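Asker: Starting off with a structure, shown below.
Readers should treat all values here as calculations from the given coordinates under stated rules, not as data from a laboratory. All figures in this text were calculated on a predicted structure; none of them were measured in a lab. Here the Cβ is made from the backbone with ideal geometry for all residues, glycine too, and neighbour counts use every protein chain on show.
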Amino acid sequence: MTVTTDNIRDLLNRPQGLNEATITEYISMRTEQVNKSARNNAFLAEDSTNVVTTAQKEAAIKALACADCLQVMIDTIPSYVNEDERKQQDIRLTAQMRGFIKRGEEMLALISEVGGTAVKFSQTKTRL
């Protein structure tokens with residue numbers, strides 16, 4: 001499964017005023033970030049609990065892309081919401097954005113390689 005624009009729209013409750021191309025760009029940007037941040041599985045056994053799964057990566061991408069899209073919606077609210085409803089919508093979207101930012105950072109922390117991993121290869125004098 002890959003992250004799609006429909007996933008983001010569903011998470012945001014199908015908002016109006018959010019372009020398909022905007023969502024696609026944020027998904028591609030966040031995919032690169034998450035893939036670069038994910039820890040390397042080269043030295044882990046496949047059945048290890050520390051292996052980063054595709055589902056974990058996708059969850060982080062979704063949360064981070066949703067936060068980005070909410071920021072765009074807040075910035076463009078004046079173009080599609082009546083003036084008397086703007087403040088209410090702005091408060092609601094800001095609260096949602098804070099939640100998605102928090103979730104995204106937590107999910108990214110679960111898969112990222114904070115501080116790096118030390119691996120040492122050595123040989124003995126007999127090269128055994």
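Asker: Taking the number of other C-beta atoms within 10 Å as the exposure measure, put Met97, Met29 in order starting with the fewest.
Answerer: Exposure proxy ranking, most exposed first: Met29, Met97.
Asker: Hey, if you drop one equal point scatterer on each alpha-carbon of the chain and run the Debye formula without solvent, what base-10 log of I(q)/I(0) do you get at q = 0.13, 0.19, 0.20, 0.23 Å⁻¹?
Answerer: The Debye formula, applied to the Cα set alone, gives -0.61, -1.03, -1.10, -1.31.
Asker: If the cut-off is a Cα-Cα distance under 13 Å, which aspartates and glutamates reach Lys102, setting aside same-chain residues fewer than 8 apart in sequence?
Answerer: Asp68
Asker: Taking the alpha-carbon distance from Lys36 and a cut-off under 14 Å, which aspartates and glutamates remain once sequence neighbours fewer than 8 residues away in the same chain are dropped?
Answerer: Glu58, Glu113
Asker: Check every DSSP H run in the chain and write down those whose alpha carbon atoms cover 15 angstrom or more along the long axis and whose mean Kyte-Doolittle hydropathy is -0.5 or greater.
Answerer: 54-76
Asker: Put +1 on the Cβ of every Lys and Arg and -1 on every Asp and Glu Cβ in segment 5-111; which of Asn41, Leu64, Ile8 then has its Cα farthest towards the positive end of the dipole?
Answerer: Checked the options; the winner is Asn41.
Asker: How high is the relative contact order of segment 5-111, in percent, counting Cα pairs under 8 Å that sit 6 or more residues apart?
Answerer: 35 percent
Asker: Using a Gaussian network model on the chain with a 10 Å cutoff between Cα atoms, which of Leu11, Leu93, Leu64 fluctuates the most?
Answerer: Looking only at Leu11, Leu93, Leu64, the biggest GNM fluctuation is shown by Leu11.
Asker: Here's something else I'd like to know. Could you give the size of the charge dipole of the chain about its Cα centre, using +1 on the Cβ of each K and R and -1 on the Cβ of each D and E, expressed in debye and rounded to the nearest 20?
Answerer: 740 debye
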